[in-house]
Each structure stands twice: as structure tokens, then as C-alpha cells.
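Laboratory data are not the source of any read-out in this text; all were calculated from the coordinates shown. Keep in mind that what you see is a predicted model, and the values were worked out from it rather than measured. Cβ placement follows ideal geometry from the backbone for every residue including glycine, while neighbour counts extend to all protein chains displayed.
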Amino acid sequence: MDDQYLQKVLNGEVQSFSYFIKMYQNKAYAIAISIVKSEDKAKDVVQESFIQAYNALSSFKRNSKFSTWLYRIVVNKSLRLLEKEKRYIKDGILLDITIENKSNYNDALISMHQDELKQLIKGILDKMPPKEALMLQLFYLNELKIDDIVSISKFSKTNVKVLLHRARIHFYDIIKNEYHIPDLNDLL
């Protein structure tokens, strides 16, 4: 379906680009907010990403899915924003992104009520360094495969696996230490 709309836009039907916005804006926003940690900044990043994607549409080689290409733009814009902000913060520290793993927290969390789960996850992701939050967002919430995450993030496959592993551990540690839930089975 993406290819049909892509061709329409390339043939001059500018309004057909709204298909891509409707299809991908929510996931693009989720990716952006997991990195920049601010709703306003995430909205700006997504808007700028769609503008960049539209302007560069003719150079899209179709080696990957449109969504992968777009999400890569979102990640790049988000990380550039953090770098730009980092330069303006005098003694500010951008957290080093390191991650580790605990097992099977996802199964325990799924049984919670949907809204409570979303709030809990959002709260935890907000406390995590951007790259960790991004890995969990892409893998668990967007349900992307490792290869797709490699394409989006431009990290090596090994690096993605390590980041994902560390993110799981950090996620578990936040649940345990900040939410005072020593055992994930207590969430059931």
C-alpha cells in the first residue's frame, strides 16, 4: 500500500502524503518521545521528520520499507536535538547509554490493565537514557525485528542486542527500586 501512495506523491498528488502521516505519526511520535523525553520536542521532531521525508521522497531508494526510512529520520532528528541541547548545557551530562537484561518482564506487564500499563511504561521510559528507551520502544512497543532496528538506528546488530539486553535490566531495576516492586509477579 505504501508503494501506491508513494507513487501518487511522486506523480504530483501532494495530498496523498497524508496517508503516510496517518499511518506512521503515532509510532514516529512514540520513538521521538522515548528519546527526547518531552511532548513538545517530540511533536516538533515528528513534524520536521515528515517534512524532511516529503522533501527527500524522490531520493528514497526503496531498499527498505518507508516506515523504516521514516523512523530512521525520526531517530536522527531526535539524537541531533539532544546533541544540540547538550552543547548549550554548561555542566549538563547526557547520560551514557548502557543497558543490561533481566528476564521476562514483558509477560508479567501484559496482564496489567492497558491504561495502567501504558502509564507505567511511559514513566519508566522517561527515566531511562534515550538509547535504552528507544530500544525498548522499537522492539516491544513497535514490535520491530532486530534487523529493522539495525536499519533504523544504524547500530550494529551486536550493539542493538547489547543495548536491548541492558535496557531490559535497567527497566527491571527501575520497577524494582523506584516502584518498589521486588518481584515482577507482584504486578499480576
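Net charge near A28: determine it from the other residues with C-beta under 11 Å of the C-beta of A28, scoring Lys and Arg +1 and Asp and Glu -1.
Numbers: positive: K27, K43, R72, K77; negative: E48.
Net of charged neighbours comes to +3.
Find how many whole Å separate the alpha carbon centroid of the range 6-21 from the alpha carbon centroid of the range 115-165.
30 Å
So which of K8/K161; K27/K161; K43/K145; K22/K176; K61/K127; K8/K157 end up more than 32 Å apart, counting from Cα to Cα?
On the way: K8/K161 38 Å; K27/K161 21 Å; K43/K145 25 Å; K22/K176 37 Å; K61/K127 37 Å; K8/K157 34 Å.
Correct reply: K8/K161; K22/K176; K61/K127; K8/K157.
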